[in-house]
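The values are calculated or read from the model by the stated rules, or taken from the named source; none is laboratory data. Bear in mind the structure is a predicted one, so any value in this text is a computation, not a measurement. Neighbour counts are summed over all protein chains in view; Cβ atoms, including those assigned to glycine, are modelled from backbone coordinates with ideal geometry. All accessible areas refer to the heavy atoms of the entire protein, side chains included, with ligands and DNA or RNA removed. Shrake-Rupley method; radii C 1.70, N 1.55, O 1.52, S 1.80 Å.
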Amino acid sequence: MNTASAGGQVGTSIDTAFDFRSDTPPGKRRDPDKDSPTLRRYHKALWSKPLPGGQLFNLSDEVRDHYLHHRSELGEFSLTSDSAMQTFTRLGFAAEHPELCSQAMNEEFFSLAYTIGAMIVFPGEKRDRKRTINQARGCLRNIADRMDLTLECIRRHYAGDGSPLAGTLARYGDFFALFENFDGYVNFFLLQDLLAQGESSVAFFMPFDDFRTPAAPKDFGTYSAFRQRSMDFIHARNTRIAKYADTLT
């Protein structure tokens, strides 16, 4: 089912319009990625499933100090949620140019970015005392938390090519090995709508310059296209997730 009352409280029903901020407890340090119970339940339901090799990747939300946890002969993995879609509405271009984007436009984009189509899970534990994937992609100016650029780095990881996230992704090579190859990763996490049609290449939200410059938009035309492509992707992935969720009931 793609809808459910009370934000998907029933079974594995997934409400793809549910804004995870709405059930995050109030507080300055509260974050839907950590504190929305509905988001955790959705992640558990969606990503507890067979891997490309046929083994079950079962996730538990009952292991202390772990958001989601898997342990089997495949290995042990501690996963956390990541709000994967950058909007640049609060700290970026739209925030710096309020005359170009209305508050309603910004809130429309920001609200959509807190639905399940804009969420993903990554390994959450630090390795070698270095940044996690979530931390690294947010700190690098030539990634700037953009999911399209993150996916390009993941594609290059599977191809054995370099990228700004190469070292970070390599530290979690055992996690990416679960999906065997790039197509396996994309299909598992229902990211097909972030690829160019009929290809295994990433459909970028802005003109791509091979990570040579900062990833934030610099003018309204670029930002407007980025916004539309980002929202189109989230809507498409929400539709894809809803169809997949129908098979879980």
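Quick notes on this structure:
- Mean-position separation - Cα centroids, region 183-249 and region 38-85, in angstrom: 22
- Shape category assigned to region 138-249 from the gyration tensor of Cα positions, a/c cut at 1.5: oblate
- Residue separation of E62 and T239 scaled by 0.36 nm, minus their Cα-Cα distance, works out to 60.8 nm of gained length.
- Packing-based order for 117-124, 58-65, using average beta carbon neighbours within 10 Å, highest first: 117-124, 58-65
- For a paramagnetic label modelled on L248 (point 7 Å from Cα along Cα→Cβ), amide N atoms under 15 Å away belong, within region 21-60, to 37-51, 57-60.
- Shape class for region 105-202, computed from the alpha carbon gyration tensor (a ≥ b ≥ c): oblate, with a/c not under 1.5 and a/b at or below b/c.
- Label-point separation in nm, E99 to R29, each point 7 Å along Cα→Cβ: 4.1
- Summing charges over neighbours of G53, with a neighbour being any other residue whose Cβ is under 14 Å away from its Cβ, gives -3 when K and R count +1 and D and E count -1.
- Surface composition of region 107-226: carbon and sulfur make up 47 percent of the accessible area, probe 1.4 Å.
- The count of lysine pairs in the chain that are at least 8 places apart or cross chains, and whose C-alpha atoms lie under 20 Å apart, stands at 4.
- Here r is the Cβ-Cβ distance between A17 and R129 and R0 is 35 Å; the resulting FRET efficiency, rounded to 0.05, is 0.30.
- The chain, relative contact order [Cα under 8 Å, separation at least 6], %: 22
- Hydrodynamic radius (Kirkwood) for region 11-152, which is based on Cα pairs only, to one decimal in Å: 16.7
- Solvent-accessible area per residue in the chain equals 48 Å², computed with a 1.4 angstrom probe and all protein chains kept.
- Based on alpha carbons, the Rg and Dmax found for the chain are 17.6, 55 Å.
- About its Cα centre, the chain has a charge dipole of approximately 580 debye under the convention of +1 per Lys or Arg Cβ and -1 per Asp or Glu Cβ, with nothing else charged.
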